[in-house]
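What follows is one structure encoded as C-alpha cells, with my remarks underneath.
Rule-based calculations on the coordinates, nothing more; no lab input. In this text the structure is predicted, and so the values were computed from the model without any measurement. Glycine also receives a Cβ, built like all others from the backbone with ideal geometry; neighbour counts cover every protein chain displayed.
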Amino acid sequence: MYRLGLIVVLALAACDKPQSEAYTAEHENNFIPVAVELQLAEGAQRIDGTATLLIPDALTLLNAELRAAEVASAFSQRTVGRFKDTRTLGEQRVDNAERQAAVDATQLALLELRLRNAWGDRAPFLDAEKRQQLVDELSSGKTTLIRLDFPQSVERDPTNVRVAPLGRGEVMQLTAVWAAPSGNLAMPGTSFFGIMPTGPGLRPGDRAKVTAERSAPTSGVIVPASAVVVFAGESWCFVETQPGQFERKRLSLAIPVGEGYLTNEFAVGTKVAVHGASVLLAREAGPGVLDDDDIVDESTPPTKKPADEKEQKSDQPTVSQPVASTDSN
C-alpha cells in the first residue's frame with residue numbers, strides 16, 4: 001500500500017514539472033521591456049555634501065569687541081573735534097586726543113578685518129546693525145549658523161540648499177548662503193556659510209546632510225534613474241536601436257537631478273528601457289532560461305550520474321561469504 005502511494009505522488013510531480021517549465025518559458029517569451037523617449041531638458045546639477053552647525057560663541061564675542069571698539073572710536077573722534085574747537089587747550093592735549101583717536105580707529109579696523117577673514121567679504125552681517133540683530137536671534141535660538149562643505153568644486157553660490165539631520169528630522173531650507181573664506185582641510189572642495197531657522201533635531205555642534213543645486217543650469221536630456229544599471233563597476237542604460245532590440249550604452253552620472261541624470265551623451269528622441277533593464281542585463285551577462293546553452297542535444301548520450309552508478313552496482317549479484325559453524329563436535 002505504501003509503494004502504491006509513492007508511485008501516485010511521483011506521477012503527479014512528473015505531470016506538474018512540464019507545466020511549470022512551460023509557464024516559465026511563456027513568461028520569458030512575453031517579456032517586453034518598456035522604453036521611453038528622452039526629451040530636451042534643462043536642469044541644475046544636484047550636489048551633496050556635509051553640514052556642520054556652528055556654535056555662535058565666536059561671533060557673539062567678536063560682535064561685543066566690535067561694539068566696544070566702535071563706541072571708543074566714536075568717542076575719540078568727538079573728543080578730537082571738541083578739543084580743536086577750544087583754543088584755550090594746549091597743543092599737547094590735542095595731540096594726545098588725536099593719537100588716541102588713531103589707536104581706536106586702528107583697533108576697530110583690525111576687528112573688522114578679523115570679521116571678514118573669519119566669515120567672508122560677502123557675509124550678510126558685516127553691518128553693525130544687521131550683525132546685532134543676527135546675534136540676538138542666535139542667542140534666542142531662532143536662527144542657526146551653518147558651514148557647508150562640498151567635495152567638488154562649486155564656482156557660484158549653490159541654490160535650493162536643504163539641510164537634513166543624519167537621523168530622522170525635518171529638512172530645513174537655508175535663507176542665506178555665501179562663500180567661506182577658507183576651505184575644509186579634511187575635505188578638499190568648496191565651502192560655504194549659511195543661515196537657517198533652527199529646526200528639530202539640529203543643534204549647534206551637530207553634523208548633518210546637505211543637498212543643493214548648482215546655480216548654472218545645463219542643457220541635455222534626463223535619463224530616468226530606473227533606466228540605470230551597474231555592470232563591471234560602471235553605469236549603463238539600454239538604448240532601443242530597433243523595435244524590440246536594445247544595446248547597452250555607457251552613461252555618465254556626473255549631473256544628478258531630481259528624477260534621474262542629466263546628460264548630453266544621447267540625442268533627443270533616443271529611447272531607453274525604463275522597465276526591464278535589469279532583465280536585459282541578466283540575459284546579456286549570463287545564459288537565460290531559453291538561451292542556446294540550455295538546449296540539450298538529444299544525439300549526445302547523457303552522462304551517468306553517481307546515483308546511477310550506485311544503482312548499477314546494486315543490480316549485480318552479491319556473493320555470500322561462508323559463515324563459520326559454531327556447532328561443537
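Side notes on the structure shown:
- Once you divide the Cα radius of gyration of the stretch 57-131 by 2.2 N^0.38 Å, the number left is 1.35.
- Dipole size of the stretch 57-131 about its Cα centre, with +1 on Lys/Arg Cβ and -1 on Asp/Glu Cβ: approximately 140 debye, rounded to the nearest 20.
- Convex hull projection area averaged over all views, the stretch 141-213, Cα basis, nm²: 4.8
- Each Lys and Arg contributes +1 and each Asp and Glu -1, all at the Cβ; summed about the Cα centre of the stretch 165-218, the dipole is approximately 120 debye.
- Under-5 Å amide H pairs with residue 198, H placed in peptide plane, nonlocal only: 143, 144
- Residues of the stretch 77-98 with an amide N closer than 17 Å to a point placed 7 Å from the Cα of residue 71 along the Cα-to-Cβ direction: 77-79.
- Phi angles across the stretch 139-155 convert, under the Karplus curve 6.51 cos²θ - 1.76 cosθ + 1.60 with θ = phi - 60°, into 3J(HN,Hα) values of 5, 7, x, 7, 10, 10, 8, 9, 10, 10, 10, 10, x, 9, 7, 10, 6 Hz, Gly and Pro given as x.
- Size of charge dipole - the stretch 198-243 - debye, nearest 20, with Cβ of Lys, Arg +1 and Asp, Glu -1, no other charges: 340
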